[in-house]
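Just below is one structure, and these are the notes that go with it.
The values are calculated or read from the model by the stated rules, or taken from the named source; none is laboratory data. Source: prediction; values computed, not measured. As a convention, Cβ positions derive from the backbone with ideal geometry for all residues, glycine included, and neighbour counts pool all protein chains shown. Accessible surface is based on the protein model in full, side chains and every heavy atom, while ligands, DNA and RNA are left aside. Shrake-Rupley method; radii C 1.70, N 1.55, O 1.52, S 1.80 Å.
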Amino acid sequence: MDYRTEHDTMGEVKVPADKYWGAQTQRSIDNFRIGGQRMPDEVIKAFAILKKAAAVTNQKCGVLSEEKMNVIIKVCDEILDGKLDDQFPLVVWQTGSGTQSNMNLNEVIANRAHVISGGKLNDAAKSFHANDDVNKSQSSNDTFPTAMNIAAYKALTEITIPGLQLLKDTLSKKSKEFMKVIKIGRTHFMDATPLTLGQEFSGYVAQIEHGIKTIKNSLAHLSELALGGSAVGTGINVPENYDKLVAENIAEFTGLPFKTAPNKFEALASNDAIVEASGALKTAAVSLMKIANDIRMLSSGPRSGIGEILIPENEPGSSIMPGKVNPTQVEALTMVCAQVIGNDTAITVGGMSGHFELNVFKPMMIYNFLISARLIGEACVSFNNNCAAGIEPNMKAINENLEKSLMLVTALNPHIGYENAAKIAKKAHKENKTLREAAIELSLLTDEEFTKKVDPSKMVGKLNLEYFILLTFNDKIFEEFPVLETKNLILREITYEDAEVIFRNYSDSEVMKYFGSELHKNISQAEEKIKGIKEDFNNRKGIRWAVCLRHDNKMIGSGGFWRILKEHLRAEIGYELSKTHWGQGIMKEALTAMINYGFEKMNLHSIEANLDPDNTGSVKLLEKLNFAREGYFKDSYYFKGEFTDTASYSLINEKQK
């Protein structure tokens, strides 16, 4: 191998002739042959961003020529494009301030800039200096923590959060699909009272939602950059306003809300922002571990386990047991969670070891952090695509376990007392009998009384009312609004996935009965309507106007919805609707009552309404309620709609904006 001679303040060093790095990088290569884990590429790219921003800022502050700035920018862009990836060989296990990686960047940029400007790597004198030009107005002590925060922020927003969001959305969809599936609950790994599979999955959704929020909350601290603090936070050798300007340039280059840290001493002496964000990743890992383990156990079997859900069979599970299939995605995700929790411990130790004016565990902390951020994001995508999206209920196992459970006896507490209910459960368990048989033999209940009082569907809590409106597919109208609710009533726009669930869970005859009895009064018209809806649905063209209410697993017509609404208006705002039939009058009156009297008191933010265009009262209603397309009503309620053959409208409270 050919070498050239480079020098630093300690003397001369031989460097491979074809490499752009210099003496300090080579010293680090020679002195730290540990582990082999190189400084993460995300950190190198973050350094390129901050070096580019520093050059622009130094030029603006009058301490760097425009010519040198342009060449430094060009080299930084080459680094960002991956053209110089082989020029950054240093390992993580080096000086705790990351000084040698900072100098690796400085040397590569300076030497590459010299070559671009017409020089040669073996020139004794070079046109760019690693310290005086590339590192101008900087210290390793403020550049490395800046690179850490840039790399961490980008990893969380580009990899971690999108992965978690994808999995959350899938589990949310599954929760809605499974909301009618009643199963036995389990506490202490023992039978408990029933719930629905959808309710169980809704807990997973909430866990991930909270995890995402926690991670997002950590971004504010990560957005504070140390650059401009220089050696110990005082800003020595840094031009006036440099810190604010360089942060603004970094924000511009990344499109992210970076700003200068208000206290540079904290930004250098600690890495609390990384500790905080790592803690958020650990929280997400803890949640994912619980979710994955639940799915592992719920899918166990196929014949000797719980087996209440079915997961995709992706690959053979054993080299010796034919036909065996294992929950491999669960295993991968839980291993990732264990690694993230372990990484957080290392980061915690590193964070608590910032002595005096500088934390010197920085490379280790960002190395572990970036592993965690990537692992969670990618594991969520893998688990989502290869497991969660394919989960289905095993109704045979669910029903068998539900029927065998002794904890259904809990429903009898209010009727025969806790102790008598316990007698039934103990007798059934000891004598291997059903609860029904035990209750009758103890003369505590008749067969008819048992049937009436022990009903699993009445033991899962009051399911939310869901008012669905199936709109014509239109990008402008067909947007998913937040869930809108009163004390006992939920209103929301239906999504295509909701429609898919409805058509899967309800037979054509049920839907036809609804249309025939509530909308058309004519079965032939209903049949035509159903045919058109199904065709639109299958072709994904859109769904003609249809309204249904789902309550306690039963389909209720639009008239039923307005009757329930009438009861709520009376109970919650003391307003008595004068009409009881479905039609223009009831819609107008109910909307008017809500707008004038009840929105705030009912905590109701929105109501969706379909107005029959064939009814000439529709347009008049809009006029009477002072609606205007893309306009405002009473400066509080935004009306969004468009005249189509289905005339679908939404009234949305914009106060939160």
Pair THR345, ASN217: separation of 7 Å Cα→Cβ label points (nm): 2.5 nm
Could you give the length gained on full extension between LYS396 and ILE320, defined as 0.36 nm per residue of separation minus the Cα-Cα distance, in nm? 24.4 nm
Could you tell me the calculated FRET efficiency between GLU431 and SER300, based on Cβ-Cβ distance and R0 = 22 angstrom, to the nearest 0.05? 0.20
Label point 7 Å beyond Cα of HIS129 along Cβ direction - residues of region 50-76 with amide nitrogen under 20 Å: 51-52, 54-73
State, to one decimal in nm, how far the label point of ASN122 lies from the label point of MET10, with both points 7 Å from Cα in the Cβ direction. 2.6 nm
Binning at 5 angstrom from zero up to the longest distance, how are the C-alpha pair distances of region 82-123 distributed in percent? 5, 20, 26, 22, 15, 8, 4, 0
Does anything in region 10-37 have its amide N under 17 Å from the 7 Å Cα→Cβ label point of TRP93, and if so which residues? 28-37
Would you mind putting 371-377, 81-87, 391-397 in packing order, based on average other-beta-carbon counts within 10 Å, highest first? 371-377, 391-397, 81-87
What FRET efficiency comes out for the pair ASP18/ASP169, r = Cβ-Cβ distance, R0 = 51 Å, nearest 0.05? 0.55
FRET efficiency estimate (nearest 0.05) - Cβ-Cβ, THR451 to ASP272, R0 41 angstrom: 0.10
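Give me the extension gain from TYR3 to GLU240: residue separation times 0.36 nm, minus the current Cα-Cα distance, reported in nm with one decimal.
My answer for the length gained is 81.1 nm.
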GLU448 accessible area, nearest 10 Å², 1.4 Å probe? 140 Å²
Averaging sequence separations of C-alpha pairs under 8 Å and six or more residues apart, then dividing by the length of region 252-358, give the relative contact order as a whole percent. 38 percent
Using a 1.4 Å probe and ignoring any ligands, DNA or RNA, find the accessible area of THR254 and quote it in Å² to the nearest 10. 30 Å²
